[in-house]
Amino acid sequence: MFSERVGYIIWVSDLKAARSLEKYGTVHYMSRKMHYVVMYMNADRAEEVVRNMGRLPFVKRIERSYRNEIKTEYTQGVPDKTRFYSL
């Protein structure tokens, strides 16, 4: 039902020109201070889109976001010490 999405951080030199990145995927955030754009796109055509974005004159560097690969489910492996220190 939902297609697999992948995130990218694109470092740019011109934020006004970076608005044109919306045609390549969904722009999630644009940092005015640090000059980067966080965007998501479909994983099946991500390689082709990254190649095309890398050719743009205002794009400095493109990094892949590993946020969806980080483990977010935590276990209680360490015993709770709050009872030990209470009066």
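Things to note:
- Among the residues of the range 49-87, just one is acidic (D, E) and either within 15 Å of L15 (Cα to Cα) or at pLDDT 95 or above (or both), namely E63.
- In the range 29-51, the residues that are more than 15 Å from I62 (Cα to Cα) and open to solvent by 100 Å² or more (accessible area, probe 1.4 Å) reach residues that are in a helix (DSSP H, G or I) and not charged (D, E, K, R) with C-beta atoms within less than 7 angstrom, at least six apart or across chains, in these pairs: R32/L15.
- One residue from V78, V59 being over 14 Å from V6 (Cα atoms), of a type in the set (A, V, I, L, M) and surrounded by fewer than 16 Cβ atoms within 10 Å (Cβ to Cβ): V78
- Odd one out for R67, checked against (1) in contact (Cβ under 8 Å) with a residue 60 or more places away in the chain; (2) open to solvent by less than 100 Å² (accessible area, probe 1.4 Å): (2)
- In the range 1-24, the residues that are closer than 13 Å to A43 by Cβ and over 12 Å from the mean Cα position of the chain (by Cα): F2, S3, E4
- Residues within the range 1-13 that are more than 14 Å from R64 (Cβ to Cβ), at pLDDT 95 or above and either surrounded by fewer than 16 Cβ atoms within 10 Å (Cβ to Cβ) or hydroxyl-bearing (S, T, Y) (or both), tallied: 1
The values are calculated or read from the model by the stated rules, or taken from the named source; none is laboratory data. Quick caveat: nothing in here was measured; it's all calculated off a predicted structure. Neighbour counts run over all protein chains shown; Cβ positions are idealised from the backbone, glycine included. Ligands, DNA and RNA are stripped out before the accessible areas are found, and what is left, the full protein with its side chains, is counted by its heavy atoms. Shrake-Rupley method; radii C 1.70, N 1.55, O 1.52, S 1.80 Å.
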